[in-house]
Amino acid sequence: MKPNGRCGKGRATSTPSRNGRSARGQGNDFDVFICYNSADRSIIRRIAGKLQRLGVRAWLDEWEVPPFVRWQDELQKVIPQLRAAAVFVGPSGVGPWEDIEVHALLQEFARRRIRMGVVLLPGSPADPEVPLFMKMFHWVDFRKADPDPINQLVWGITGKRPAHR
């Protein structure tokens with residue numbers, strides 16, 4: 001099992017994904033790569049599930065990386081295919097593996113301008129520690145109800161502003 005700092009790593013395999021499609025070699029079939037500290041796993045599952053129900057295809061490691069596969073190798077395969085990445089920061093901050101993965105995502109941002117940003121979870125510190133270059137992005141804040149953070153997250157991932165509910 002991976003230590004703290006899980007990201008939505010891995011490349012699709014021939015097993016069907018949570019959304020029912022076989023995803024081998026189709027990393028671009030996913031709208032967003034979910035990067036998170038494993039301490040925040042339960043809320044991440046809920047948020048990723050909401051995204052799926054709203055039609056946003058979330059890449060979450062535990063949904064997409066099969067057992068007995070080295071997640072590090074899978075992560076290296078999927079990062080070059082990403083369209084967007086959401087880096088979640090909760091009460092435990094950025095985990096050590098998450099930090100490494102964020103730096104790889106920043107390189108991809110610089111190379112291809114993927115959509116990416118920080119998502120603050122309930123209980124996260126007022127001024128969370130994130131890599132310096134992540135501070136330049138507009139953040140989504142789940143500590144506040146207004147504006148609706150799930151709509152803000154969908155907008156950040158897709159570039160399309162959702163209709164207000």
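Only residues that are more than 14 Å from the chain's Cα centre (by Cα), among the small types (Gly, Ala, Ser) and either within 14 Å of Ala84 (Cβ to Cβ) or crowded, with 17+ Cβ neighbours inside 10 Å (or both) were counted across the stretch 135-165, and they come to 1.
Residues checked against (1) assigned to a helix (DSSP H, G or I); (2) out of contact with any helix residue (DSSP H, G or I) (no Cβ under 9 Å at 6 or more places or on another chain); (3) modelled with pLDDT of 95 or more; (4) buried (at least 20 other Cβ atoms within 10 Å of the Cβ):
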{"site": "Val69", "(1), (2), (3), (4)": "no, yes, no, no"}
{"site": "Asp73", "(1), (2), (3), (4)": "yes, yes, no, no"}
{"site": "Ile100", "(1), (2), (3), (4)": "yes, yes, no, no"}
{"site": "Glu108", "(1), (2), (3), (4)": "yes, no, no, no"}
{"site": "Met116", "(1), (2), (3), (4)": "no, no, no, yes"}
{"site": "Phe133", "(1), (2), (3), (4)": "yes, no, no, no"}
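When the residues of the stretch 118-131 are filtered to those that are of a type in the set (A, V, I, L, M) and crowded, with 18+ Cβ neighbours inside 10 Å, the one that is farthest from the chain's Cα centre (by Cα) is Val130.
What about Val56, is it part of a loop (DSSP other than H, G, I, E, B), at pLDDT 90 or above and under 19 Å from Gly159 (Cβ atoms)? In short, yes. When the stretch 75-94 is filtered for residues that are of a type outside the set (A, V, I, L, M) and crowded, with 23+ Cβ neighbours inside 10 Å, the ones remaining, listed by number, are Phe88, Gly90. Selection over the stretch 30-58 of residues that are of a type outside the set (A, V, I, L, M, F, W, C), under 19 Å from Val78 (Cα atoms) and buried (at least 21 other Cβ atoms within 10 Å of the Cβ) gives a count of 2.
Among the conditions (1) of a type in the set (A, V, I, L, M, F, W, C); (2) in contact (Cβ under 8 Å) with a residue 12 or more places away in the chain; (3) under 19 Å from Ile43 (Cα atoms), Ala145 misses just one, which is (2).
The values are calculated or read from the model by the stated rules, or taken from the named source; none is laboratory data. Since we're looking at a predicted model, the values are computed, not measured. FYI the Cβ positions are ideal-geometry reconstructions off the backbone, even for glycines, and counts take in every protein chain you see.
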